[in-house]
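Trainee: Mind having a look at this structure? Questions to follow.
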Amino acid sequence: MSHEGNEFRKRSERRAATRAGSTVALAAALLAAACSGGREAARPEPGPAVPAKVAVVEEVAWARPLTVTANVSPFRRAAPATILMGRVDQVLHREGDRVRAGDVLARVESREVSARLAQAEANVAAASAMEHNAKLTKERMERLLEKQAATRKNVEDATAGYDAAAANLEAANEGVAAARMYVTYSRVTAPFDGVVVEKRVEAGDTAAPGMPLFVVDDTSRVKIEAQVPESALRGRRVGDAVEIEVDAAGGGVRHATLSEILPAADPRSRTFTARAVLDNPDGALRAGMFARLRLPGQEGKAVAVPESAAVQRGPLTGVFVVDSQGIARLRWVTLGDARDGRVEILSGLAAGERIVTEPPAALEDGRRVELL
């Protein structure tokens, strides 16, 4: 064998030996890992116990009210109009003005009405003169009859003439009253105390009979109107206490009673209109505001805990549950309604478990709890 062949054979043997050694080392390492993998590291002991108040979770009586969206409406709304055809001469109020009943909102010019009044007054003057003359004639005929200078037929004719003249005078006076009433129609007035919420006319416009010129709302009281599902109306009746929240009016809960439940449902949504009335002395509630109407619910049972037991961690809410070893574990829960210092737990907690009612700042998940 040549010298080059011997060198090649030796290098091949050295590489094979190296690979064999690596394989043995890897196998040894894997064996060692397998032997030690069955043993877990000892869990660290919890830190010092944290003093805390602990209570057992119980089911309590819990009525589940029905909350529906609602709308604020004025107690009364009117759209004053005129029955005349004429040019709008003056507009005296605009949106936002508070008005009293009878205040003039606008004036409509109508020469025809003025002419009709003047004609009616002239008719009264003529009828009054005719009535006065007929009365004198009647009295004269009666005196002549006493002196036998006139016949009874003359007296009867004079009496009939007087009666006709008196009737004509009465008709003329009624004509003046009617004409004056039409004159009042030229003044568009507020029907009640309220606020002007819409002005639909400007000076110089032509008003037509029945055309609304303004919209006036009475907001001294407001109506809260909500659409209630037919399934939720069972047991509801007028006079039931309700709670109302209007965020845009400062929030808070306002108390009222159901004043009306319309007898017919909306055929498309299968809901009934329920109304409640609220006093609004400060005018904070305005027509069109969004509201929530809360109807009393039927009594039931629910898991509820003190509001102080809830712990907020970002978007999640949890409570510290104490196990049999006295270790506090933070458990995420889903909250429901809150009332009277307690909050309903919809999921994540069961009756009979123990929780920390007022978690101290030092309490963490896995810490031991010392009962106070």
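Bear in mind these aren't lab numbers, they're just calculated from the coordinates by the rules spelled out. Keep in mind that this is a model prediction, so the values were computed, not measured. Note: ideal-geometry Cβ built from the backbone for every residue, glycine included; neighbour counts use all protein chains shown.
Trainee: Normalised by the number of residues in the stretch 111-184, what is the relative contact order in percent for Cα pairs under 8 Å and 6+ residues apart?
Mentor: In percent, rounded to a whole number, it is 52.
Trainee: Using a simple spin-label model with points 7 Å from Cα along the Cα→Cβ vector, what separation in nm is obtained for Ala362 and Glu146?
Mentor: 12.5
Trainee: Any aspartates and glutamates with Cα under 14 Å of the Lys223 Cα? List them, leaving off those in the same chain fewer than 8 positions away.
Mentor: List returned: Glu243, Glu245, Glu260, Asp279.
Trainee: Also: Per-residue ellipticity at 222 nm for the chain, helices alone: DSSP H runs ≥ 4 residues times -39500 (n - 2.57), over residue total, nearest 500 deg cm²/dmol?
Mentor: It lands at -10000 deg cm²/dmol.
Trainee: Taking Lys135 as the anchor, which lysines have their alpha carbon closer than 28 Å to its alpha carbon, excluding any fewer than eight residues away along the same chain?
Mentor: Lys147, Lys153
Trainee: In whole Hz and in residue order, list the ³J(HN,Hα) couplings for the stretch 322-327 that follow from phi through the Karplus curve 6.51 cos²θ - 1.76 cosθ + 1.60, θ = phi - 60°; x for Gly and Pro.
Mentor: 9, 7, 5, 8, x, 9
Trainee: So how strong a dipole does the chain carry about its Cα centre when Lys and Arg Cβ are +1 and Asp and Glu Cβ are -1, to the nearest 20 debye? Could the numbers behind the result be given before it?
Mentor: Working: 51 positive and 50 negative charges, 290 e Å.
Value, rounded to 20: 1400 debye.
Trainee: Moving on to the next point. Counting Lys +1, Arg +1, Asp -1, Glu -1, what net charge surrounds Met130 among other residues with beta carbon under 14 Å of its beta carbon?
Mentor: With Lys, Arg at +1 and Asp, Glu at -1, the net is -1.
Trainee: Let me ask something else. Cα centroids of the stretch 281-347 and the stretch 112-163: how far apart, whole angstrom?
Mentor: Centre-to-centre (Cα) distance: 90 Å.
Trainee: Return, ordered by residue number, the residues of the stretch 201-243 whose backbone nitrogen is under 18 Å from a label point located 7 Å along Cα→Cβ of Val253.
Mentor: Only 240-243 fall inside the zone, counting backbone N under 18 Å.
Trainee: I would also like to ask the following. So what are the chain's ellipsoid semi-axes, whole angstrom, largest first, if each one is the square root of 5 times an eigenvalue of the alpha-carbon gyration tensor? Could you put the intermediate results ahead of the total?
Mentor: On the way: eigenvalues 1975, 195, 60 Å².
With the √(5λ) rule applied to the chain, the semi-axes are 99, 31, 17 Å.
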